[in-house]
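The values are calculated or read from the model by the stated rules, or taken from the named source; none is laboratory data. Keep in mind that this is a model prediction, so the values were computed, not measured. Please note: Cβ atoms are built from the backbone with ideal geometry, for glycine as well, and neighbour counts cover all protein chains shown.
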Amino acid sequence: MNSPTPVALYQRTIAQLSAGLTAGEFSSEELTRALLDRIERNNPQLNAFITVTAEAALAQARAADQRRSQGHAGPLTGIPIAHKDIFCTQGVRTSCGSRMLDRFIAPYNATVVERLNAAGTVMLGKTNMDEFAMGSSNETSFYGPVRNPWDLNAVPGGSSGGSAAAIAARLTPGATGTDTGGSIRQPAALCGITGIKPTYGRVSRWGMIAYASSLDQGGPMARTAEDCALLLAAMAGFDPRDSTCVDQPVPDYVARLNQPLAGLKIGLPKEYFGEGLDSAVAAVVETAIAEYRRQGAETIEISLPNSQLAIPAYYVVAPAECSSNLARFDGVRYGHRCENPKDLLDLYTRSRAEGFGAEVQRRILVGTFALSAGYYDAYYLKAQQIRRLISDDFRRAFEQVDVIAGPTSPTVAFNLGEKVDDPITMYLSDIYTIAVNLAGLPGLSLPAGLVGQRPVGLQLIGNYFAEHRLLNVAHRYQQVTDWHNRIPTGF
Amino acid sequence: MSLGVAEVAKIAHLARLAVRAEDAPAYARNLSAILELVEQMNAVDTTGVAPMAHPLDMAQRLRPDEVAEPEQRALFQAIAPRVEAGLYLVPKVIE
């Protein structure tokens, strides 16, 4: 029998791997070993993983193979993935990219980890990230920056940069991420992969280390929308342990991927195509939108008039919530503790100053100021009012259109070190993603082209709980384009 | 609003962060720049706009007042920096 050379396991998507496991073409143990080998060879130059859990992964893979042999396999049984190091994983270091938690062994699993374990996934390890998810370049990690597989001099984006780089370099077919102001979508765009931030409340935040609780949301990252659908199906759903998790049925994301796009109304916000958008990125995004018109979608220019206020409002709301959430790191019950504290105040202040990096301390200080007596109304209350205006802009837009499309990021990946000394310039990198978090809407980024050797992401924004529609719209594009199959040179 | 070194020291105290004197000027500069950025909000009149605290305007869900978590003291003590006889140790608070 003459069969063509099979595609290497690491090149395959989750859907393809799932089919291969079902057909008995290979075992989860073989697949897991192949990926662990790739991580061992490629991670030193990328720094995408903080911790690799090889032995535990092989044990999980063998258990998955056994379940499969007993006829108890689901679509994710035996599929290796990685978890962003913000999700608590029982018995495994959960650092959140910080010195504060460098020696923190989580005593329990996050709900997202529990759910993916129950679906049969195999954890390869924990991925690198900006410290406490505060950053857009992965340069604030205590464990050093992650490099972008498309160009080792470029940042992978952040804060879920380790997850994005690991997927782009084919070290894992999928990973978890979290998104507070763009931390799934922006690194997905900069690394040429697909990632979705679900509606606030769709995925449990229990066991996901908090940054800004009214904005934080976990979601999947993978090569394709189809793979994100498979992962999100396992991650989403009500959790009584998260008081903001929404009790609403989870649609069948996979079954709805192929819905035709004829008649789809796509809104193009004029504020997302104006000043500040790199012209080469704009051209790639326009080409992707033209493809949607070919598939029968109608495009309508819309306006989100308060867009320019999203970054100012975010840099009050997020730091305010962060200053409150990170107050728990006091050097007493867990986390870093300074040597020889002379009194309780010294214990608190030195443990925190030594444990947190500069960007985290900046945001704690901004938040503490914004919440302090005399400034609360002018900053925090004002930001919450602006948040309402931004949310109302989207509400009006979704009366006219089904989805909103535009660039994920104003530029392709920038160089390592380029923005690290200027926090404000770094913040502007999230100009198109932040409003989505303030409104609590779902947003997805998918690869739509390259500028030079650096990927460009197309962002799709949906109405509340319309994840199925975003995945469908992204999937249809991926049926007629191959940007999601491009591999960075050298990987 | 522009912050000086003295204001940074006051905020750092409120935040329980030991900011070194030599780092205070840089923090003052960064924080002032961030406040200048966020003050762009003042360009918009928000009189009468209801503040939005939660994206879905939901009320906090309550649960019955019953014990829901098992006792795991030994597990949690195992990751603490300093413990003794089941207690968390801190510097002496009362003379």
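For segment A:366-402, which positions are within 7 Å of chain B (Cβ to nearest Cβ), in contact with a Phe, Trp or Tyr (Cβ under 8 Å, 6 or more places away or on another chain) and free of Cβ contacts under 8 Å to residues at least 24 places away in the same chain? Across segment A:366-402, the qualifying residue is only A:Phe369. Hey, A:Gly335 hits all of (1) facing another protein chain (nearest Cβ under 7 Å); (2) surrounded by 20 or more Cβ atoms within 10 Å (Cβ to Cβ) but one; which does it fall short on? Of everything listed in (1) facing another protein chain (nearest Cβ under 7 Å); (2) surrounded by 20 or more Cβ atoms within 10 Å (Cβ to Cβ), A:Gly335 misses just condition (1).
To keep it simple, each residue is scored yes or no on (1) under 30 Å from A:Gln453 (Cβ atoms); (2) of a type in the set (S, T, N, Q); (3) in a helix (DSSP H, G or I).
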site	(1), (2), (3)
A:Ala283	yes, no, yes
A:Glu291	yes, no, yes
A:Thr299	yes, yes, no
A:Pro305	no, no, no
A:Tyr314	no, no, yes
A:Val317	no, no, yes
A:Cys322	no, no, yes
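Evaluate segment A:237-246: report whether one residue or more is in a helix (DSSP H, G or I), of a type outside the set (Gly, Ala, Ser), surrounded by 20 or more Cβ atoms within 10 Å (Cβ to Cβ) and under 22 Å from the mean Cα position of the chain (by Cα). Among the residues of segment A:237-246, not one is in a helix (DSSP H, G or I), of a type outside the set (Gly, Ala, Ser), surrounded by 20 or more Cβ atoms within 10 Å (Cβ to Cβ) and under 22 Å from the mean Cα position of the chain (by Cα), which makes the answer no. For the residues A:Phe465, A:Phe491, the requirement of being touching a helix residue (DSSP H, G or I) at 6+ places or on another chain (Cβ under 9 Å) and aromatic (Phe, Trp, Tyr) singles out A:Phe491. Within segment A:295-303, does at least one residue satisfy the condition of being closer than 20 Å to A:Asp430 by Cβ and of a type in the set (S, T, N, Q)? Looking for residues that are closer than 20 Å to A:Asp430 by Cβ and of a type in the set (S, T, N, Q), one finds none in segment A:295-303, hence no. Considered as a group, the residues in segment A:339-369 that are among the basic types (Lys, Arg) and part of a helix (DSSP H, G or I) include one that is surrounded by the fewest Cβ atoms within 10 Å (Cβ to Cβ), and that residue is A:Arg362.
Go through segment A:298-318 and count every residue that is without any contact (Cβ under 8 Å) to a residue 60 or more places away in the chain and crowded, with 21+ Cβ neighbours inside 10 Å. Residues flagged as without any contact (Cβ under 8 Å) to a residue 60 or more places away in the chain and crowded, with 21+ Cβ neighbours inside 10 Å within segment A:298-318 amount to 0. Might you let me know whether segment B:34-46 holds any residue that is assigned to a helix (DSSP H, G or I) and either among the small types (Gly, Ala, Ser) or more than 8 Å from chain A (Cβ to nearest Cβ) (or both)? Yes, the conditions are met somewhere in segment B:34-46.
Looking across segment A:338-353, just one residue is more than 7 Å from chain B (Cβ to nearest Cβ) and touching a helix residue (DSSP H, G or I) at 6+ places or on another chain (Cβ under 7 Å), and that is A:Cys338. Which ones in segment A:353-365 are under 27 Å from the mean Cα position of the chain (by Cα) and either closer than 18 Å to A:Thr425 by Cβ or in contact (Cβ under 8 Å) with a residue 60 or more places away in the chain (or both)? Correct list: A:Gly355, A:Phe356, A:Gly357, A:Ala358, A:Glu359, A:Val360, A:Arg362, A:Arg363. Does at least one position in segment A:388-396 carry a residue that is under 30 Å from A:Thr94 (Cβ atoms) and among the charged types (D, E, K, R)? Looking through segment A:388-396, none of the residues is under 30 Å from A:Thr94 (Cβ atoms) and among the charged types (D, E, K, R). Inclusion of A:Gly174 among residues that are under 23 Å from A:Arg362 (Cβ atoms) and modelled with pLDDT of 95 or more is not warranted. Counting only residues that are touching a strand residue (DSSP E or B) at 6+ places or on another chain (Cβ under 8 Å) and in a loop (DSSP other than H, G, I, E, B), segment A:103-140 holds 8 of them. Just one of (1) within 24 Å of the chain's Cα centre (by Cα); (2) surrounded by fewer than 17 Cβ atoms within 10 Å (Cβ to Cβ); (3) modelled with pLDDT under 95 trips up B:His13, so point out which. The one condition B:His13 does not meet is (3). The set of residues from segment B:19-33 being crowded, with 18+ Cβ neighbours inside 10 Å and either within 8 Å of chain A (Cβ to nearest Cβ) or over 28 Å from A:Leu345 (Cα atoms) (or both) comprises B:Val19, B:Tyr27, B:Asn30, B:Leu31.
Working only within segment A:61-76, note down all residues that are touching a residue at least 12 places away in the same chain (Cβ under 8 Å) and either closer than 17 Å to A:Leu231 by Cβ or not in a helix (DSSP H, G or I) (or both).
A:Ala64, A:Ala73, A:Gly74, A:Pro75, A:Leu76
Looking at A:Arg241, is it farther than 21 Å from A:Gln459 by Cα, touching a Ser or Thr at 6+ places or on another chain (Cβ under 9 Å) and modelled with pLDDT under 95?
In short, yes.
In segment A:410-446, which residue that is crowded, with 20+ Cβ neighbours inside 10 Å and among the small types (Gly, Ala, Ser) is nearest to A:Ser307 (Cα to Cα)? Restricting to residues being crowded, with 20+ Cβ neighbours inside 10 Å and among the small types (Gly, Ala, Ser), the top hit is A:Ala435.
Listed here are the residues, each with its yes/no results for (1) away from chain B (no Cβ under 14 Å); (2) assigned to a helix (DSSP H, G or I); (3) modelled with pLDDT under 95; (4) crowded, with 24+ Cβ neighbours inside 10 Å.
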site	(1), (2), (3), (4)
A:Ala448	yes, no, no, yes
A:Val456	yes, no, no, yes
A:Gln459	yes, no, no, yes
A:Phe465	no, no, no, no
A:Leu471	yes, yes, no, yes
A:Arg476	yes, yes, no, no
A:Gln479	yes, yes, no, no
A:His484	yes, yes, no, no
A:Pro488	yes, no, no, no
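Criterion first (basic (Lys, Arg), more than 7 Å from every other protein chain (Cβ to nearest Cβ) and either more than 24 Å from the chain's Cα centre (by Cα) or buried (at least 16 other Cβ atoms within 10 Å of the Cβ) (or both)) does B:Arg73 satisfy it? So B:Arg73 fits the description; yes. Just give me the residues in segment A:129-175 being of a type in the set (Phe, Trp, Tyr) and closer than 21 Å to A:Asp421 by Cα, in sequence order. Once the filter is applied, which keeps residues that are of a type in the set (Phe, Trp, Tyr) and closer than 21 Å to A:Asp421 by Cα, segment A:129-175 yields A:Phe132, A:Phe142, A:Tyr143. Scanning segment B:1-18 for residues that are more than 7 Å from chain A (Cβ to nearest Cβ) and either of a type in the set (Phe, Trp, Tyr) or outside any helix (DSSP H, G or I) (or both) returns B:Met1, B:Ser2, B:Leu3, B:Gly4.
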